[in-house]
Amino acid sequence: MTAAGPTPVWITGYGAISCVAADAAGTWLAAYEGRSGIREGLGAVALPTESPSVAARLSRLKTTPFGALRGGKALPMAISAIEEALAAAGWEGLRDDDGLLLATTTGQGPLWEDELMRHLLGELPADRRSSALATQPLGVTLAVLRELYGFRGRATILSTACSASTHAIALGHRWVRSGQVRRCLVGGVEVLSRLTVEGFRSLKLLSAERARPFDATRQGINLSESAAFICLERDRAGTAVARVAGSAFSSDAYHMTAPHPEGRGSVAAMRGALSHAGLEPAAVDWIHAHGTGSIHNDLSEGIAVVTVFGDKTPVSSTKAIHGHSLAASGALESVLCLESMRRGVVLGTPGLATPDEKIAVRHATHGAKMPLRCVLKNSLGFGGANGALVFVADGESR
Amino acid sequence: MTIWVVGAGLSESTRAEALRDDPDFRRATTNVRLAASAVEKALAALAAPLSDAGSRVALVVATGHGELEPTAGFLQELGRTNVARPLLFQNSLHNTAAGFLALRLALVGPVTTVSDAMFSGEDAVDVARTLLDGDADIAVVVGVDTFPAVLSELLPSLYPDGFRPVDGAAAIILANEVGRRQFGRGAALAVETIERNFGTDSAGETPSQFFDADAIAVLAQAALAGAASTASPLVRRKPDGTSSSTTVRWDA
């Protein structure tokens, strides 16, 4: 991995929408108060009445070939989180010398998938097809965002399963630090689709009850929807909550759906992010884990965390509150990390009652007030794709 | 930063078909087999085995459509029988080819998947360039797309100008200066700039074959053609009228 970069990459704004709240602060507050958005094992976003800024953006779709996509959830969710992030950072839209990185595994999938299934079953006459079917559900999401923000700068979609938005933040970190762009909007959006819900169910990874990460009785994950975006920039015009100090990618090269049993790739990602930041494990005040609540993920990740940090650094997962929003999860949970850093309050692991003895991490004390100077966000994904991010509070020299 | 193409390969359908008989590919998708056949050829050009670079090998896979065949299969079976098949689901992810290739090549460094419709290939080269500036010295960059026959009726609405995508994959091995010294063999193609034109009045020859990540195929073809046959820039007109222009040069 690389040596510490000389150019700080500041986080000047962020926004989120989740199954518990329509903004970042509300999502954090739900986690703090233990209010879960999981219903019958899933976390669906209830779209509120569109805010004026979201409605104004979406209205532009009517005059484009993408009009049919207005009926989906992914775009309103993404735009809501983007508008919140831009407003917090004081950005007036995107400039062509900015970057835009989007993470998703489904994009506009549900709209597309519904028509595709009916087409495959011979139930959709050609004259009833909408333009949603004539798109790539991932690519069109970025195409529409480019259109709505009049953006022609560097952009792409990362679709590296559940670590995708962590990868996107790591890539945005590199783009800004190296000067390829001065500012970068980075985040993810994920919506529930039949493919993902029934697919994860077929792999016997879903829990019908609220997830219990790291608990001895955990039974699986709660799939959910969310969007979260973060503004990264070299020049700190306003107040920055924190900076991205280090980030890293790694691969397990072990199995297509199961994590390495000893967390080999996750160890490499966390050590890589620390090395990238020029920090020792002891500098980290809090770890926000991937912590899905699946049997194998939590065990593998727990072993990895102990390998890197020992059993002294507090660890949490908040997925019992907002669920597992796949590609968007890294960005959503990064937003929770940043909000915790701003408030100086640690979130615990809701649903954890009887810690699994095989996971020998130190579980964080929920609601503990302490300066969070350095926080690590960890992510794992299908295909053995791992990522880790290190955030350091503004004003900290480390 | 200059990056070098030190290996290149295009998929071969016969080799991809033959991989069906390889036990390691028993559960592999068509995308995976095509990608693997292209990567095999690209790696054969290197002066040293990829494993010599340890964790400083990156893998970036570009795909516009992703895994349409298992996705359609999963949805069709779910719709007809209400049965969800786990293998089809795990193979339906856009990240499937990257995960499989990382496993096959024992890659433990950065591995990621890019999907940006017709700019997927250009984006993957850009992402690899970023990773070669600190994270890795060599990067396997693969473009792959397939379009199953069961969905062929949708092609005219996806590609209204008469473009018809081919099933194909291409791989290039990109290297920074360190990687070039370790893995290159003599002259190499330098990739200097990639420009995207979002206008609909773009020039450039319409490719006779097309898949959404084909910018990688274009670079692979240039690298395989040699210095005497490589024009610069490499201009690609996309089915939606956008285009890209990649500036390259040969260095002995």
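The values are calculated or read from the model by the stated rules, or taken from the named source; none is laboratory data. What you see is a predicted model; the values in this text were computed from it and never measured. For neighbour counting, all protein chains shown are included, and Cβ atoms are generated from backbone atoms with ideal geometry for every residue, glycine included. These accessible areas exclude ligands, DNA and RNA; they are computed on the full protein's heavy atoms, side chains included. Shrake-Rupley method; radii C 1.70, N 1.55, O 1.52, S 1.80 Å.
Within the protein assembly as shown, DSSP assigns beta bridges of which about 70% are antiparallel (rounded to the nearest 5).
For the stretch A:9-393, DSSP calls about 65 percent of its internal beta bridges antiparallel. For the set B:52, A:285, the ranking by accessible area, highest first and with no ligand, DNA or RNA atoms included, is B:52, A:285 under a 1.4 Å probe. Here the accessible area is traced with a 1.4 Å probe on the protein chains. For the stretch A:9-393, carbon and sulfur cover 50 percent of it.
Ranking A:92, A:262 from most to least accessible surface, computed with a 1.4 Å probe over the protein chains only, gives A:92, A:262. FRET efficiency for the pair residue A:354 and residue A:282, taken as 1/(1 + (r/R0)^6) with r the Cβ-Cβ distance and R0 = 25 Å, rounds to 0.30. The candidates A:370, B:1, arranged from most to least accessible area with a 1.4 Å probe in the full protein assembly, appear as B:1, A:370. Amide H to amide H, with H built 1.01 Å from N, residue B:12 comes under 5 Å of B:38, counting only residues 5 or more places away or on other chains.
Can you list which of the trypsin sites (Lys or Arg not before Pro) found in the stretch A:284-365 are DSSP loop residues with at most 11 other C-beta atoms within 10 Å?
Answer in residue order: A:312, A:358.
Rounded to the nearest 5, the antiparallel percentage of DSSP beta bridges internal to chain B is 75%. Of the residues in the stretch B:54-79, those shielded by at least 10 Å² of accessible area once partner protein chains are present, compared with the chain alone at a 1.4 Å probe, are B:56, B:64, B:65, B:68, B:71, B:72, B:74, B:75, B:76, B:78, B:79. Less than 5 angstrom separates the built amide H of residue A:363 from those of A:315, all sequence-distant by 5 or more or on a different chain. Taking amide H positions as placed 1.01 Å from N in the peptide plane, with prolines and chain starts having none, which residues 5 or more places from residue A:226, or on another chain, fall under 5 Å of its amide H? Close amide H contacts, sequence-distant or interchain: A:190. Membrane-span-like helices in chain A, defined here as complete DSSP H runs extending at least 18 Å along the helix axis by their C-alpha atoms with mean Kyte-Doolittle hydropathy no lower than -0.5, are A:74-89, A:164-177, A:264-277, A:295-309, A:329-343; this is a sequence and geometry rule, not a statement about a membrane.
Rounded, prolate or oblate: pick one for the protein assembly as shown, where a ≥ b ≥ c are the square roots of the eigenvalues of its C-alpha gyration tensor, a/c under 1.5 means rounded, and failing that, prolate if a/b is larger than b/c, else oblate.
rounded
Per residue, the accessible area of the stretch A:350-393 comes to 37 Å², computed with a 1.4 Å probe over protein heavy atoms only. Pairs spanning more than 24 Å between alpha-carbon atoms, out of A:73/B:238; A:312/A:358; A:204/A:319; A:204/A:377; A:73/A:204: A:73/B:238; A:204/A:377; A:73/A:204.
Compared with the direct C-alpha span, the chain from residue A:307 to residue A:130 gains 58.6 nm at full extension, assuming 0.36 nm per residue. A simple spin-label model places pseudo-atoms 7 Å from Cα toward Cβ; at residue A:96 and residue B:187 they are separated by 3.6 nm.
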